[in-house]
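Structure record follows, encoded as structure tokens.
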Amino acid sequence: MILKAKSVDRRSFLRVAGATLPCLAGCGLASAASPSLGLRLLLPASDPDAQFTVEAKYYEKLGYRKIKCKLCPRECVIDDRERGYCGARENRGGTYYSLVYARVATAHIDPIEKKPLFHFLPGTSAFSIATAGCNVNCKFCQNWEISQVRPEQVRGAYMPPRDLAALAKQYQCPAIAYTYSEPVIFYEYVADSADAGHAQGIRSVVISGGYIQQEPLKKWCHNLDAIKIDLKSFSEKFYKEVVNGELKPVLETLVTIRKQGTWTEIVYLVIPTLNDSDAEFKAAAQWVKSDLGPDVPVHFTRFHPEYLLTNLPDTPVETLERAKAIADAEGLHYVYVGNVPGHPAENTQCPKCRRVIVERQGYTIGQIHLKKGKCGFCGQTIPGIWT
Amino acid sequence: MSARAANTIRARPTRRTFLQTCALGAAAFGSGRAIDRASGTAGLPSSTLTDKQADKSRVVIARDPGLRGSGTSLDSDRLLKLLDRAIQSFYGADSPLDAWKRVVRPGECVGLKINCLAGRGASTTVKLVEAVIERLQQAGITNIVVWDRLNSDLESAGFRAGSSRPGVQFIGNDTAGYEDGLAIHGSVGSLLSRTLTRTCDAVISLPVLKDHGIAGMTFALKNFFGAIHNPNKYHLTVGDPYVADVNMLPAIRQKIRLHIGDATAVQYEGGPSFLPQWSWRFNGLVVGTDPVALDYVGWQLIEQKRASEGMKSLAALNRAPNYIATAADSGHRLGTNDPKRIERLEI
Ligand code: SF4
């Protein structure tokens, strides 16, 4: 099968928003060039709170109106009227609530390659949404204006699961992507939307840091079609100091996703001086191969200075190439270089015959040589979700 | 979305004349001398200090066992007198008005940063806010903003929309908004409340002394978690060093003139929520300009009460507020936690 190149601008958000997403444009969510956060924060939290509030699925009631959240490994213990670390969940009188159910803070139609998911319906669009909040606080976050604020500090559009699925379908997106901030913190909404999507023939993919407890993760694996995990480094020290999280639970997440048979890809954002040593690349690649297998795609992507890490330069392309060379040498089959448009390592190569089977230039797809999930040249099975 | 109107205090204070105030205040104390430490009086005239006193941070603990009369609610008149005694004593002033004139200048917009997250019972009390407003107005302040994080928090503590008094506004950061750019210090990167950065020339902090299940305790330093957009990110490791770092942000550090700690009821366990079985009717105010010294003294009060009730110390529960020591260290210098350098004045 050979697919023709599909121009990314056909899927660009602004056009879609202006022409076809009046519900988003009307509430100011659709504009990529939205007002500064400060302006948005000026807006009062006058959204009817109740429509966004559902009881959390994973928590434990303690004495004296305290609760312990059991959604992510942080296990926040929260007093009455207080919120968890993520800012998206609140204890009200001893009952724990998500404040972000169907509370969409941003929505875009993105190429699936932007997630990036390279082995999942290449050349298609993903109806991509996020709510406010995150259960970590990465110093390099590109989306901190959504992830590091509370839900009432940004505009929120009410988009219940069935409407979300219908919108994705209406705009010919075969998948909904839960992305930008951290879908773990809007877990209940993701779960219900994935079900609503499947009922309408729309798939669901999550883009996550993987900081989640095992029980909710397993349920996700059953109703999601793919989960991309940001493996932010291979060092606990980095996770503690730069992410405000932990590495071990993320590795456990990846193992579980593989065991459950859900499609997964890994992104490793390479940050100069912080997680870019040969030893760390090698350790990460060896672990992926031994614990997940060589077929899990790994994307080494380029860092741009943002948020609290503005003192570091962009990642040199040579560093990304070094990371790829190390991972290739360890025997991983699908190692990509990301955020470097036009780099040859954006392409998917058949690990057997070495021919290019999915050609990419930035988010634009070139020729695809795949036949029923096999290499169009040599017949090698290429793992992924292709149709 | 529609903007919410400014709030007002629900219970309207009785009118008191300035002369009456002066008479009351003059009858109180006045032996102490003003301490101009750290975030103190920001260029306003200070009292003459002896060399020995100048090295110390004064913390005044003013109590009135009869603050509630024969009932359970605070007596407004007695609370006002208690406030007068505390402020006058802290500044060593001849009258309450003299003392207030060392804190603020006519023409300034003065913010009152309250703590009202926990609702009634464990928030800055309405009657204390009333008393401070009254004295500020008598000192010539015509523009006062009472603020905390959310309008709904203000309301739950007894303040409501629609100011009925000229010159006083009640507003949550959710209505006033936050700055566009991050303010960064050490471990902290936050957007600051515009009420703090743009509206107020000076801030008087009215924190509540209470136990805190995650941060150990909350008082003067932690009150300014209510000035940032993301306090939920900074409760890790018992708030250390986050609480100290937040207080290093210039807009906070430079605008605070005075802390009037509400210790009328001290939640010594189970905080920050209001749990009446552990609420101690301390019937006091804790006043100072050194937030580290205030926190240190407040912490000791909580520990003393816990010990007297047979409870474990915060340290034994792995929630000692070590951020207090961090705030005093050479990287912060926000005040002192050295008891030898704190002049604790109990009146
Ligand atoms: S999901 Fe949020 S509230 Fe729950 S443990 Fe994680 S950070 Fe805490």
**OP:** Kindly establish whether residue A:127 is among the aromatic types (Phe, Trp, Tyr), open to solvent by less than 10 Å² (accessible area, probe 1.4 Å), modelled with pLDDT of 95 or more and away from the ligand (no atom under 16 Å from the Cβ).
**Re:** yes
Original post:
Name the residues in segment A:82-104 that are under 13 Å from residue A:71 (Cβ atoms) and among the small types (Gly, Ala, Ser), would you?
Top reply: A:84, A:88, A:98
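Does residue A:121 meet the test of being touching a Pro at 6+ places or on another chain (Cβ under 9 Å), more than 14 Å from the ligand (Cβ to nearest atom), in contact (Cβ under 8 Å) with a residue 12 or more places away in the chain and open to solvent by 10 Å² or more (accessible area, probe 1.4 Å)?
yes
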Original post:
Within segment A:59-70, can you find the residues that are over 22 Å from residue B:239 (Cα atoms) and within 8 Å of the ligand (Cβ to nearest atom)?
Top reply: A:59
Original post:
Just for segment B:209-253: of the residues that are open to solvent by 10 Å² or more (accessible area, probe 1.4 Å) and basic (Lys, Arg), which one is nearest to residue B:297 (Cα to Cα)?
Top reply: B:222
Subject >> In segment B:288-301, the residues that are within 19 Å of residue B:63 (Cα to Cα) and either surrounded by fewer than 24 Cβ atoms within 10 Å (Cβ to Cβ) or touching a Leu at 6+ places or on another chain (Cβ under 7 Å) (or both) >> reply: B:288, B:289, B:295, B:298, B:299, B:300, B:301
**OP:** Go through segment A:251-279 residue by residue and tally those that are buried (at least 19 other Cβ atoms within 10 Å of the Cβ) and under 16 Å from residue A:140 (Cβ atoms).
**Re:** 8
Subject >> Candidate set: segment A:35-75, residues that are among the aliphatic types (A, V, I, L, M) and surrounded by fewer than 16 Cβ atoms within 10 Å (Cβ to Cβ); chosen: the one modelled with the highest pLDDT >> reply: A:62
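Check whether at least one residue in segment A:256-276 is aliphatic (A, V, I, L, M), within 16 Å of the ligand (Cβ to nearest atom) and farther than 19 Å from residue A:127 by Cβ, and report yes or no. Outline the logic, then answer.
Going through segment A:256-276, the residues aliphatic (A, V, I, L, M) turn out to be A:257, A:266-267, A:269-271, A:274.
Within this subset, residues satisfying the condition of being within 16 Å of the ligand (Cβ to nearest atom) are none.
Checking segment A:256-276: not a single residue is aliphatic (A, V, I, L, M), within 16 Å of the ligand (Cβ to nearest atom) and farther than 19 Å from residue A:127 by Cβ.
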**OP:** Mind counting the residues in segment A:118-141 that are of a type in the set (A, V, I, L, M) and in contact with a Phe, Trp or Tyr (Cβ under 8 Å, 6 or more places away or on another chain)?
**Re:** 4
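When segment A:130-140 is examined, which residues are found to be in a loop (DSSP other than H, G, I, E, B), open to solvent by less than 20 Å² (accessible area, probe 1.4 Å) and either within 11 Å of chain B (Cβ to nearest Cβ) or of a type outside the set (S, T, N, Q) (or both)?
Within segment A:130-140, the subset in a loop (DSSP other than H, G, I, E, B) is A:131-140.
Okay, now just the ones that are also open to solvent by less than 20 Å² (accessible area, probe 1.4 Å), so A:131-138, A:140.
Selection gives A:132, A:133, A:134, A:135, A:136, A:137, A:138, A:140.
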Original post:
Among the numbered criteria (1) in contact with a Lys or Arg (Cβ under 8 Å, 6 or more places away or on another chain); (2) closer than 30 Å to residue B:151 by Cα; (3) open to solvent by 10 Å² or more (accessible area, probe 1.4 Å), which single criterion is violated by residue A:213?
Top reply: (2)
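Please pick out the residue among A:189, A:171 that is more than 18 Å from residue A:245 (Cα to Cα), within 16 Å of the ligand (Cβ to nearest atom) and of a type in the set (Phe, Trp, Tyr).
Working: A:171 fails: within 16 Å of the ligand (Cβ to nearest atom).
Exactly one of A:189, A:171 is more than 18 Å from residue A:245 (Cα to Cα), within 16 Å of the ligand (Cβ to nearest atom) and of a type in the set (Phe, Trp, Tyr), namely A:189.
Quick one: how many residues across segment B:242-251 are more than 13 Å from every other protein chain (Cβ to nearest Cβ) and over 18 Å from residue B:149 (Cα atoms)?
Looking only at segment B:242-251, we keep the residues that are more than 13 Å from every other protein chain (Cβ to nearest Cβ), and these are B:243-244, B:246-251.
Retained after the next criterion (residues that are over 18 Å from residue B:149 (Cα atoms)): B:244, B:248, B:250.
Number satisfying all stated conditions: 3.
Can you report the number of residues in segment B:201-236 which are within 14 Å of chain A (Cβ to nearest Cβ), part of a helix (DSSP H, G or I) and at pLDDT 95 or above?
The first filter runs over segment B:201-236 and keeps only residues within 14 Å of chain A (Cβ to nearest Cβ), leaving B:208, B:210-218, B:222, B:225-236.
Then drop every residue that is not part of a helix (DSSP H, G or I), which leaves B:222, B:225-227, B:231-234, B:236.
Keeping just the survivors that are at pLDDT 95 or above gives B:222, B:225-227, B:231-234.
Number satisfying all stated conditions: 8.
Is there a residue being over 14 Å from the mean Cα position of the chain (by Cα) and open to solvent by less than 10 Å² (accessible area, probe 1.4 Å) anywhere in segment B:67-77?
Step one: list which residues in segment B:67-77 are over 14 Å from the mean Cα position of the chain (by Cα), which gives B:67-77.
Restricting the remaining residues to those that are open to solvent by less than 10 Å² (accessible area, probe 1.4 Å) gives B:67.
Yes.
Could you check, for segment A:70-80, whether at least one of its residues is of a type in the set (Asp, Glu), assigned by TED's automatic domain parsing to the domain that holds residue A:216 and touching a residue at least 12 places away in the same chain (Cβ under 8 Å)? Steps first, please.
Taking segment A:70-80 first, the residues of a type in the set (Asp, Glu) are A:75, A:79-80.
The next check asks that each one be assigned by TED's automatic domain parsing to the domain that holds residue A:216; those that pass are none.
No, the conditions are met nowhere in segment A:70-80.
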Original post:
Any residue in segment A:195-209 that is within 14 Å of another protein chain (Cβ to nearest Cβ), out of contact with any Asp or Glu (no Cβ under 8 Å at 6 or more places or on another chain) and crowded, with 23+ Cβ neighbours inside 10 Å?
Top reply: no
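To keep it simple, each residue is scored yes or no on (1) open to solvent by 10 Å² or more (accessible area, probe 1.4 Å); (2) over 20 Å from residue B:219 (Cβ atoms); (3) modelled with pLDDT under 95.
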{"site": "B:111", "(1), (2), (3)": "no, no, no"}
{"site": "B:127", "(1), (2), (3)": "yes, no, no"}
{"site": "B:135", "(1), (2), (3)": "no, yes, no"}
{"site": "B:151", "(1), (2), (3)": "no, yes, yes"}
{"site": "B:160", "(1), (2), (3)": "yes, yes, yes"}
{"site": "B:163", "(1), (2), (3)": "yes, yes, yes"}
{"site": "B:171", "(1), (2), (3)": "yes, yes, yes"}
{"site": "B:174", "(1), (2), (3)": "yes, yes, yes"}
{"site": "B:196", "(1), (2), (3)": "no, no, no"}
Original post:
Looking at (1) free of Cβ contacts under 8 Å to residues at least 60 places away in the same chain; (2) buried (at least 20 other Cβ atoms within 10 Å of the Cβ); (3) within 16 Å of the ligand (Cβ to nearest atom), which is the only condition residue A:101 fails?
Top reply: (1)
Subject >> Residue selected from segment A:76-96 under the condition near the ligand (Cβ under 8 Å from one of its atoms) and open to solvent by 20 Å² or more (accessible area, probe 1.4 Å), by the criterion nearest to the other protein chains (Cβ to nearest Cβ) >> reply: A:83
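The values are calculated or read from the model by the stated rules, or taken from the named source; none is laboratory data. In this text, all values refer to a predicted model and were calculated from it rather than measured experimentally. Every residue, glycine among them, receives a Cβ derived from its backbone with ideal geometry; neighbour counts consider all protein chains shown. Side chains included, ligands, DNA and RNA excluded: accessible areas come from the protein's heavy atoms. Shrake-Rupley method; radii C 1.70, N 1.55, O 1.52, S 1.80 Å.
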